[in-house]
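Undergrad: Can you read through this structure? Questions will come right after.
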Amino acid sequence: MKQKQIRCPYCGSIAILRDASYVYGNKAKDGKLYVCSHFPQCNSYVGVHPGTTNAKGKLANKELRQKRIQAHRVFDQIWLNHIFTKSEAYRWIADKFCLTAKEAHIGEFSTYMCDQLILESMKILENNHIPLRAIG
Ligand SMILES: [Zn+2]
């Protein structure tokens with residue numbers, strides 16, 4: 001099977017498709033991950049879409065993974081509070097940042113884009129009087 005070679009954006013090593021347990025140990029989740037071949041020295045990986053070998057985005061290090069969790073926590077409040085539906089909220093990301101529907105996912109975002117999304121999401125939440133202290 002022909003497979004696109006994926007490289008780690010941090011150290012340039014080849015990423016290897018492995019079971020999630022390789023990274024998560026006995027807390028193993030199902031599924032597969034592309035893991036940097038220098039893991040754990042290079043703590044960088046990305047999930048795949050269930051049932052495929054297609055990476056969900058670029059490999060992410062610890063800092064970026066935490067930033068994406070933070071971005072999700074703020075952005076998700078928009079549709080959890082019914083300001084937009086979930087699909088409207090993703091369309092809003094696409095419109096706001098001039099992205100295609102495929103690109104408008106936090107899993108594709110860099111640290112910079114996560115910060116931009118957090119800022120823009122906070123504006124929407126403030127305008128709709130959603131208390132920001134609820135967001136960890
Ligand atoms: Zn690496």
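The values are calculated or read from the model by the stated rules, or taken from the named source; none is laboratory data. Just so you know, these numbers come straight off a predicted model, no measurement behind them. Neighbour counts are summed over all protein chains in view; Cβ atoms, including those assigned to glycine, are modelled from backbone coordinates with ideal geometry. Just so you know, the surface numbers come from the protein's heavy atoms only, side chains and all, with ligands and any DNA or RNA stripped out. Shrake-Rupley method; radii C 1.70, N 1.55, O 1.52, S 1.80 Å.
Undergrad: List, please: which pairs have Cβ atoms under 7 Å, are six or more places apart or on different chains, and start with a residue in the stretch 60-81 that is in contact (Cβ under 8 Å) with a residue 60 or more places away in the chain and end with one that is open to solvent by less than 50 Å² (accessible area, probe 1.4 Å)?
TA: As it stands, the answer is 73/135; 74/118; 74/121; 74/135, since those pairs meet every condition given.
Undergrad: Among the candidates 29, 86, single out the residue that is open to solvent by 90 Å² or more (accessible area, probe 1.4 Å) and modelled with pLDDT of 95 or more. Reasoning before the result, please.
TA: Details: 29 fails: modelled with pLDDT of 95 or more.
Sole residue among the options that is open to solvent by 90 Å² or more (accessible area, probe 1.4 Å) and modelled with pLDDT of 95 or more: 86.
Undergrad: Follow-up. How about the stretch 49-136: which helices (runs of 4 or more DSSP H) wholly inside it have at least 2 residues that are among the basic types (Lys, Arg)? If you could, list the steps in order and put the result at the bottom.
TA: Working: elements: 62-80, 86-96, 111-127.
Per the criteria, 62-80, 86-96.
Undergrad: Looking at residue 18, is it open to solvent by less than 60 Å² (accessible area, probe 1.4 Å) and not in a loop (DSSP other than H, G, I, E, B)? Steps first, please.
TA: Numbers: open to solvent by less than 60 Å² (accessible area, probe 1.4 Å): no; not in a loop (DSSP other than H, G, I, E, B): yes.
Criteria not met by residue 18.
Undergrad: In the stretch 93-127, which residues are open to solvent by 50 Å² or more (accessible area, probe 1.4 Å) and more than 23 Å from residue 46 (Cα to Cα)?
TA: 95, 96, 98, 119, 122, 123, 126, 127 - these are the residues of the stretch 93-127 that are open to solvent by 50 Å² or more (accessible area, probe 1.4 Å) and more than 23 Å from residue 46 (Cα to Cα).
Undergrad: Any chance you could count how many residues in the stretch 50-64 are under 15 Å from residue 106 (Cβ atoms) and either over 12 Å from the mean Cα position of the chain (by Cα) or open to solvent by 90 Å² or more (accessible area, probe 1.4 Å) (or both)?
TA: Total satisfying the criteria: 3.
Residue-wise test of (1) within 14 Å of the ligand (Cβ to nearest atom); (2) among the basic types (Lys, Arg).
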| site | (1), (2) |
| --- | --- |
| 24 | no, no |
| 44 | yes, no |
| 50 | no, no |
| 54 | no, no |
| 62 | yes, yes |
| 66 | no, no |
| 70 | no, no |
